[in-house]
Amino acid sequence: MSDAALITPLRAAHAPGPTPLLPLAVRDLTLRFGDTTVLDSVSFDLSPGGCTMIMGPNGAGKSLLLKLLHGLMAPTSGRIDWGGHSAHAATPRQALVFQKPVLLRRSVAANIDFVLKARRKDRARRDALLEHVGLAHKTRQPARLLSGGEAQRLALARALATDPEVLLLDEPTASLDPASILAIETIVAEARARGTRIICVTHDLGQARRMADEVVFLHRGRVAEQARAVDFFPQPRSAAARNYLDGRIVV
Amino acid sequence: MGEALGLAIGLVLSGDADLAEIVGLSLRVSLTATGLACLIGLPIGALVAIGRFPGRSAVLVLMNALMGLPPVVVGLLVYLQLSRSGPLGFLGLLYTPTAMIVAQTILIAPIVAALSRQVLEDLHVEYAEQFRSLCLTTTQTVQALIWDARYSLLTVGLAGFGRAVAEVGAVIIVGGNIDHLTRVMTTAIALETSKGELALALALGMILLVIALVVNGAVQTIRMSAVRQAHV
Ligand SMILES: Nc1ncnc2c1ncn2[C@@H]1O[C@H](COP(=O)(O)OP(=O)(O)OP(=O)(O)O)[C@@H](O)[C@H]1O
Ligand SMILES: [Mg+2]
């Protein structure tokens, strides 16, 4: 599925950007909706390169954390520092694949064309991108008629079209079949190999084991644990992570 | 009545020149007004749909209220502007098709604005976060929303046209129903009926009905093809 026509421009496109976005420092990040605190004084650091998995039970605040990191929302208090840039300033250098992909009411090809044009990228890359995610045979089809897995792959192709330095993924393989999961993991691994920093939310333990270099475990809006993957999966330190990995409910 | 109906059908089938002239002017006035109303109403609808500014809810209330403007009131207001003693009287537009176009534009621009605001805002709710993630400019956002809502916006335009072509109050006041000059279908029906000339009135009535049917058929077809292409 890899394609020279795709990879070369992607690699070239990493060069710009005044200073690198990583390391990332998150300090005392708190998000409240009225009286409910959904993120409570979250602090962690991410180093350049690799893949960080954000894990935790439903409602732990993972999706909201991604949106804050991406600069789509403002926290109630606390600080996000992308190598000296605010989250808002970092948005154009990142891409977020949402938990529920939002596709334009256009053809598959037009969804990619739209982003390439809006972001002033080389329009000729469209076919390579669609080829890359295995949608080359669906270019003319209305995007909203794609299956769940195909829609996720199109959303991923659209994210890659912007040449992100950081790729934020919110459960990119939820409800997909094993082959589609593998396809998406392969694409993400290739992006990572080209130097894209991956931050991915997942509930899929197998996937977390396959992809993670590091895990940030959220529980009730707090960081329960941050650990290297090789340490986390065999020996989680926090009770919350232990219960989660054992399949015991921790909500 | 039966006799009048027979005459009316005869008129339509024979392609009567007077009839054709009246229908032609009606379509010209109402289609032009619809086009102008879209040029004015669509950008306003789009701005209110995606804009967040103080007084926005007041603007929404105003837009929705203006949708129900009575045609006679619009006619009267335009008349006051265009009449010889009015501020725009020097233009000499009263009792011309242009005056009718102006009145109908004012009548339906709020309809286009209010309905397209609703359509675009619903779509924007769905797209907004993705668009912010992609760092689109406001212009890019508006263009994308209008393009992706094109089927719904077409039906908005048709709704405006339907209202314009069927109204009588505004055009009769500013147009004056002058034969061969400003006589359109609705004013002709009103006049002919009051004179007891039912044949021409009925013929025009039938044509208006057909236009209404065609407009609704078009709306239905657009909806169906939108559904087919997963546009809803
Ligand atoms: N706008 C909002 N107002 C109030 N509460 C909200 C709002 N948005 C999210 N929440 C709450 O914040 C909490 C965290 O939401 P979030 O979507 O981040 O969870 P998550 O960790 O991604 O869960 P999942 O694994 O189910 O996707 C949830 O309890 C949710 O109900
Ligand atoms: Mg989530």
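Numbers for the structure displayed
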{"read-out": "Out of A:ALA110, A:ALA128, sole residue that is more than 16 Å from ligand 2 (Cβ to nearest atom), within 14 Å of chain B (Cβ to nearest Cβ), in a helix (DSSP H, G or I) and in contact (Cβ under 8 Å) with a residue 24 or more places away in the chain", "value": "A:ALA110"}
{"read-out": "Per-region count, the range B:132-145, residues within 32 Å of the chain's Cα centre (by Cα), more than 17 Å from A:ARG144 (Cα to Cα) and crowded, with 19+ Cβ neighbours inside 10 Å", "value": "2"}
{"read-out": "Count of the range A:36-66 residues which are assigned to a strand (DSSP E or B), open to solvent by less than 40 Å² (accessible area, probe 1.4 Å) and away from ligand 1 (no atom under 11 Å from the Cβ)", "value": "6"}
{"read-out": "Number of the condition not met by A:VAL230 [criteria: (1) touching a strand residue (DSSP E or B) at 6+ places or on another chain (Cβ under 9 Å); (2) surrounded by fewer than 20 Cβ atoms within 10 Å (Cβ to Cβ); (3) aliphatic (A, V, I, L, M)]", "value": "(1)"}
{"read-out": "Which listed residue, of A:LEU116, A:LEU69, is within 16 Å of ligand 2 (Cβ to nearest atom), modelled with pLDDT of 95 or more, in contact with a helix residue (DSSP H, G or I) (Cβ under 8 Å, 6 or more places away or on another chain) and not basic (Lys, Arg)", "value": "A:LEU69"}
{"read-out": "Single residue of B:THR187, B:THR193, B:THR138, B:THR155 found to be away from chain A (no Cβ under 14 Å) and in contact (Cβ under 8 Å) with a residue 24 or more places away in the chain", "value": "B:THR155"}
{"read-out": "Residue under evaluation A:PHE33, criteria (1) at pLDDT 95 or above; (2) farther than 21 Å from B:PHE131 by Cα; (3) more than 9 Å from ligand 1 (Cβ to nearest atom); (4) not aliphatic (A, V, I, L, M), criterion not met", "value": "(3)"}
{"read-out": "Positions within the range B:95-127 being more than 20 Å from the chain's Cα centre (by Cα), touching a residue at least 12 places away in the same chain (Cβ under 8 Å) and open to solvent by 10 Å² or more (accessible area, probe 1.4 Å), in sequence order", "value": "B:GLU121, B:LEU123, B:HIS124"}
{"read-out": "Search result, residues across the range A:124-175 that are among the β-branched types (Val, Ile, Thr) and touching an Asp or Glu at 6+ places or on another chain (Cβ under 8 Å)", "value": "A:THR139, A:THR173"}
{"read-out": "Single residue of the range A:67-106 satisfying the filter (of a type in the set (D, E, K, R) and in contact (Cβ under 8 Å) with a residue 40 or more places away in the chain) that is farthest from ligand 1 (Cβ to nearest atom)", "value": "A:ARG93"}
{"read-out": "Residue that is most open to solvent (accessible area, probe 1.4 Å), among those in the range A:157-215 that are within 15 Å of ligand 1 (Cβ to nearest atom) and in a helix (DSSP H, G or I)", "value": "A:LEU205"}
{"read-out": "Leading residue by the ranking (farthest from ligand 2 (Cβ to nearest atom)) among those in the range A:37-62 that are among the β-branched types (Val, Ile, Thr) and within 12 Å of A:ARG220 (Cα to Cα)", "value": "A:THR37"}
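The values are calculated or read from the model by the stated rules, or taken from the named source; none is laboratory data. From a predicted model like this one, the values you see are computed outputs, not experimental measurements. Cβ: placed from backbone, ideal geometry, glycine included. Neighbour counts: every protein chain shown. Side chains are part of the model used for accessible areas, which takes the heavy atoms of the whole protein and leaves out ligands, DNA and RNA. Shrake-Rupley method; radii C 1.70, N 1.55, O 1.52, S 1.80 Å.
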